[in-house]
Structure formats: structure tokens, C-alpha cells
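Peer 1: First the structure, then my questions, so here it is.
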Amino acid sequence: MDPKDAPNVEPVLGGRVPLLWPDLSPCAIKAAIQQGVWENRCLARCDSGCEYIGMRESTWIMKPTARSHKPRQGKSSVRSSSIAALLENIVTANLILAQHGVLDAYGHVSVRHPEEPEHFLLSRSMAPELVTESDIIEFGLDGRPVGRDLRKPHLETPIHSEIYKARPDVMAIVHSHAPSVIPFCASTARLRPIYHMSSFLSTDTPVFDIRKKFGCTDMLVREPEQGTALAATLGKGRVALMRGHGFVTAGDTLPLAVFQAIYTTLNASLLCQAISLGGEITYLESDEAELAWETNRASVSKPWEVWTRNALRRVGEPKRGTRR
Ligand SMILES: [Zn+2]
């Protein structure tokens with residue numbers, strides 16, 4: 001974008017700033033935040049409401065939140081070059097989750113569109129480990145593909161559309177049928193955090209029972225109304241279990257959603273072991289969990305980096321978009 005089109009920027013902190021428009025893509029900015037290059041805090045706000053978090057080479061860096069981005073002009077396209085890095089990260093997230101056993105042939109991961117907050121990106125219906133950039137579809141919050149995309153979507157797309165609709169703060173979602181979690185979806189034993197790595201779990205992780213409102217079903221969240229009910233069970237939390245089915249986790253970023261999905265399954269495995277010992281279990285208290293989560297979320301770039309490296313190594317780092 002031409003610098004002359006830049007908005008007026010009033011710094012919240014510090015002195016006057018050059019009026020240059022950031023030319024970095026939102027996904028590149030988000031990656032920089034996750035890598036700790038910039039702090040995710042607002043330093044300036046322009047007169048159209050966009051928030052900025054810092055500068056690089058005299059260019060202000062826009063804060064990549066759903067509320068702070070102006071809608072793009074013209075027809076949306078998942079193939080926009082500005083989101084190429086994000087598409088790569090979605091593919092990587094699928095690989096990571098598959099390799100950690102969080103996803104198998106089923107389950108899915110989505111990301112809210114960084115430039116169109118009313119859209120999200122999710123693969124067509126296929127096994128996560130096989131997803132490439134070209135398999136990713138752009139959806140609206142009505143759960144329908146944007147434009148004339150006739151590829152088959154996941155049956156449970158309403159999980160994603162309804163949570164994004166109910167939670168403007170959520171930027172990424174993982175839905176999983178991981179076996180280690182299923183016992184806590186089917187018994188009165190509650191999934192609670194037993195170590196710091198799973199401190200994002202509520203002290204009373206809710207369980208969505210589709211039968212209570214929708215009677216006998218095949219257990220899948222196929223309809224928008226079912227997704228709305230699941231989103232209501234999730235509430236403001238990060239994880240909701242699904243009776244006889246699996247779980248869903250909602251994150252502020254894609255790496256955080258992946259982190260939460262992996263450590264939800266690990267906490268479930270460890271808690272099963274603790275229960276089998278027969279002794280009294282001491283869970284994290286809510287104040288401990290809050291402190292631990294602040295520490296973990298600030299360092300998510302560390303596991304994301306090694307998970308990415310390992311995932312790409314295991315698939316032989318093929319040329320993007322060509323792996324089958
Ligand atoms: Zn499912």
C-alpha cells in the first residue's frame with residue numbers, strides 16, 4: 001500500500017511516529033509476536049481504530065486482532081499472497097497434531113481469517129496429515145464456503161463457525177477425538193489440571209452432551225444449532241469435552257490452540273495414571289493455574305518451533321502444496 005494512504009497514527013506511548021503503512025502481512029506480524037520480536041500490546045491507535053504494536057525500519061506494525069483490522073475491499077480470496085504464511089502454518093498444525101496423536105484420520109484445525117474476521121480457514125474433508133495449502137477452504141460464519149467452492153467440507157464445520165461467531169477473541173480452534181480424553185467425556189471423573197503445562201484447563205472443564213438438547217443423534221455436531229449449543233458449553237473457556245465424542249479447544253493464536261490440544265490429551269493420560277494409583281489427587285488451584293498459564297503462553301514459540309521442525313522433518317519437507 002502506498003504510504004500516502006496511511007491513516008493518522010496517534011501514539012499511545014512515546015513521541016510522534018512516521019506515518020507509514022505496515023507492508024507486512026498479518027500472519028507475518030503474528031509470527032513475529034509469537035517469536036517475541038514484538039510485544040503484543042498496543043502502542044498506537046489510528047483514527048480508524050486500527051491498533052499498532054511497534055515499529056520496524058520506520059514502519060508501524062499493526063496489531064493482528066480481529067477487531068482492529070479494517071475489512072478488506074473487494075472479493076475475499078483464500079489464495080491472497082498476504083496469507084501464504086498462514087496457510088503454511090495451518091498445514092504444519094495439521095501435521096503436528098497428527099504426529100502427536102491428537103488428530104488421526106478425523107478431527108480438524110481452523111484459523112480465523114486475519115484480514116476478514118467474519119471468515120475462517122479450514123481444510124476440505126480429508127485426513128489432517130494429508131492436508132496441503134491447496135486443500136484449505138475459506139468459510140463464512142454461516143459455515144458455508146466463500147464463493148463457489150464445491151469441495152466437500154467437514155461434516156462438523158459448525159463447530160468452528162459457531163464458536164468463532166460466539167467468541168470474537170478466538171483466533172484458532174482444534175476439534176479432536178483423542179482416545180486419552182474420551183474417559184473424561186463418559187464418566188463423572190472431571191478433567192482438571194494436574195500439572196502446570198495444562199494450566200489452561202478450567203478447574204471444572206465442561207462436558208457438552210448433545211443428547212440433552214437434540215435427542216438421539218450420530219453424536220456429530222452437524223447443524224449450526226448444535227454448534228451454538230457447544231459454543232455455549234465452552235462459554236469463555238478454552239476447552240470443552242464432548243460426551244461420547246472428543247473435545248474442542250479455542251485459542252488466541254494457532255500455536256496456542258495446538259499447544260492446548262496437545263496438553264489436554266497429555267493431562268488426560270497423566271490424570272488417568274494418577275487415578276489408577278488410588279491415592280488422593282491434588283490438582284492445580286485456580287490461582288496457580290492462572291500464573292502458570294501466563295508463563296506458558298508467553299513461551300509458546302519454543303514448542304511451536306520444535307514441533308514445526310519435527311513435523312516437517314518427518315514428511316521430508318516436500319515442496320509446499322505438492323505433498324500427497
Ligand atoms: Zn468430531
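Peer 1: Give the residue, chosen from Gly251, Gly244, Gly227, that is surrounded by 23 or more Cβ atoms within 10 Å (Cβ to Cβ), within 12 Å of the ligand (Cβ to nearest atom) and of a type in the set (Gly, Ala, Ser).
Peer 2: Unique residue meeting the criteria: Gly227.
Peer 1: Please work out if Leu291 is loosely packed, with under 15 Cβ neighbours inside 10 Å and in contact with a Ser or Thr (Cβ under 9 Å, 6 or more places away or on another chain).
Peer 2: yes
Peer 1: Please find, among Arg243, Arg324, the residue that is out of contact with any Pro (no Cβ under 8 Å at 6 or more places or on another chain) and modelled with pLDDT under 95. Before the answer, list the steps.
Peer 2: Details: Arg243 fails: modelled with pLDDT under 95.
Matching residue, one of Arg243, Arg324: Arg324.
Peer 1: Another question about this same structure. Among Leu234, Leu201, which is surrounded by 18 or more Cβ atoms within 10 Å (Cβ to Cβ) and out of contact with any Lys or Arg (no Cβ under 7 Å at 6 or more places or on another chain)?
Peer 2: Going through Leu234, Leu201 in turn, just one is surrounded by 18 or more Cβ atoms within 10 Å (Cβ to Cβ) and out of contact with any Lys or Arg (no Cβ under 7 Å at 6 or more places or on another chain): Leu234.
Residue-by-condition table, conditions (1) part of a helix (DSSP H, G or I); (2) more than 13 Å from the ligand (Cβ to nearest atom); (3) in contact with a helix residue (DSSP H, G or I) (Cβ under 6 Å, 6 or more places away or on another chain); (4) more than 20 Å from Gln260 (Cβ to Cβ):
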| site | (1), (2), (3), (4) |
| --- | --- |
| Ile90 | yes, yes, no, no |
| Leu95 | yes, yes, yes, no |
| Gly101 | no, yes, no, no |
| Val109 | no, no, yes, no |
| Phe139 | no, yes, no, yes |
| Asp149 | no, yes, no, yes |
| Leu155 | no, no, no, yes |
| Pro158 | yes, no, yes, yes |
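Peer 1: Does Asp209 fit the bill of being out of contact with any Leu (no Cβ under 8 Å at 6 or more places or on another chain), within 16 Å of the ligand (Cβ to nearest atom), under 26 Å from Glu223 (Cβ atoms) and of a type outside the set (Val, Ile, Thr)?
Peer 2: Against the criterion (out of contact with any Leu (no Cβ under 8 Å at 6 or more places or on another chain), within 16 Å of the ligand (Cβ to nearest atom), under 26 Å from Glu223 (Cβ atoms) and of a type outside the set (Val, Ile, Thr)), Asp209 qualifies.
Peer 1: What are the residues in region 160-194 that are within 14 Å of the ligand (Cβ to nearest atom) and hydroxyl-bearing (Ser, Thr, Tyr), if any?
Peer 2: Ser176
Peer 1: Given the structure, is Ser187 under 21 Å from Trp293 (Cβ atoms) and in the same structural domain as Ala232 (by TED's automatic domain parsing)?
Peer 2: So Ser187 does not fit the description; no.
Peer 1: Here is a follow-up. With respect to the numbered conditions (1) within 16 Å of the ligand (Cβ to nearest atom); (2) in contact with a strand residue (DSSP E or B) (Cβ under 7 Å, 6 or more places away or on another chain), which one is the sole condition not fulfilled by Leu220?
Peer 2: Evaluating Leu220 over (1) within 16 Å of the ligand (Cβ to nearest atom); (2) in contact with a strand residue (DSSP E or B) (Cβ under 7 Å, 6 or more places away or on another chain) leaves (2) as the failure.
Peer 1: Still on this structure, I have one more. Give me the pairs: first residue in region 149-161 and in contact (Cβ under 8 Å) with a residue 12 or more places away in the chain, second residue more than 11 Å from the ligand (Cβ to nearest atom) and charged (D, E, K, R), beta-carbon distance under 7 Å, and six or more apart or on different chains, which are they?
Peer 2: Listed by first residue and then by second, the contacts come to Arg151/Arg124; Lys152/Arg124; Pro153/Arg124; Pro158/Glu223; Ser161/Asp142.
Peer 1: In the set Glu129, Glu115, which member is of a type outside the set (Val, Ile, Thr) and at pLDDT below 95?
Peer 2: Glu115
Peer 1: Follow-up. Of the residues in region 143-183, how many are among the basic types (Lys, Arg), surrounded by 18 or more Cβ atoms within 10 Å (Cβ to Cβ) and closer than 17 Å to Glu223 by Cβ?
Peer 2: Residues meeting the conditions: 1.
Peer 1: For Leu266, state whether it is surrounded by 15 or more Cβ atoms within 10 Å (Cβ to Cβ), assigned by TED's automatic domain parsing to the domain that holds His175 and under 13 Å from Ala189 (Cα atoms).
Peer 2: Answer is no for this residue.
The values are calculated or read from the model by the stated rules, or taken from the named source; none is laboratory data. In this text, all values refer to a predicted model and were calculated from it rather than measured experimentally. Here Cβ is always computed from backbone atoms with ideal geometry, including for glycine, and neighbour counts include all displayed protein chains.
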